[in-house]
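Here's the structure, in structure tokens; my notes come after.
The values are calculated or read from the model by the stated rules, or taken from the named source; none is laboratory data. A quick note: this is a predicted structure, and the numbers were derived from the prediction, not measured. For neighbour counting, all protein chains shown are included, and Cβ atoms are generated from backbone atoms with ideal geometry for every residue, glycine included. Note: areas computed on protein heavy atoms with side chains; ligands, DNA, RNA excluded. Shrake-Rupley method; radii C 1.70, N 1.55, O 1.52, S 1.80 Å.
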Amino acid sequence: QSQPYTGSSDISQDDKNVAMLAHLLAPFFGFIPPLIFWLMNKDKAGKDFVCDQAKEALNFQITVILAVALSCLLMVVLIGFLLFWLVLAANFVLCVIAAINASKGIAYRYPFALRLVK
């Protein structure tokens, strides 16, 4: 799940903070913050860590949206109510873990993310 960033080993503290924010803001504002951070940094030289982590957060938030939609559909048969809260709790916990890793300069990979944005 967590693996050392394979790019530049000297990641600036600003880049670590921006990557951390991409993960931390996601549970509260959805896919919008990671999308903004990814679009702002995808073409900048030396911002590979920020781009990588923002893209990872974006992919995970897309996965969360799909899981929440599925749980809403399953509310018809009642299991969706439990699934809905489990998805939200997992989203919060995994985003906090990812933010902690990003603040240390470690690239985090979410365990259940569909990697749709390449």
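Placing unit charges on the Cβ atoms only, positive for Lys and Arg and negative for Asp and Glu, gives the chain a dipole magnitude near 160 debye about its Cα centre.
For the range 54-118, what does the alpha-carbon gyration tensor say about shape, rounded, prolate or oblate, given a ≥ b ≥ c as the root eigenvalues, a/c under 1.5 as rounded, and a/b over b/c as prolate? It comes out oblate by the Cα gyration axes. Let me have the 222 nm mean residue ellipticity of the chain computed from DSSP H runs of 4+ only, each contributing -39500 (n - 2.57), with the sum over all residues rounded to the nearest 500. Per the formula, -23000 deg cm²/dmol. Note on the range 1-114: with neighbouring protein chains present and a 1.4 Å probe, carbon and sulfur make up 72 percent of its accessible heavy-atom surface. A compact globular protein would have a Cα radius of gyration near 2.2 N^0.38 Å; the ratio found for the chain is 1.09. Between LEU116 and ILE36, the distance separating the two model label sites (each 7 Å from Cα on the Cα→Cβ line) works out to 2.1 nm.
Computed from the C-alpha gyration tensor, the three semi-axes of the ellipsoid equivalent to the range 19-66 are 18, 9, 8 Å, from longest to shortest.
Counting only lysines at least 8 places from LYS16 when in the same chain, those with an alpha carbon closer than 17 Å to its own are LYS42, LYS44, LYS47, LYS55, LYS104.
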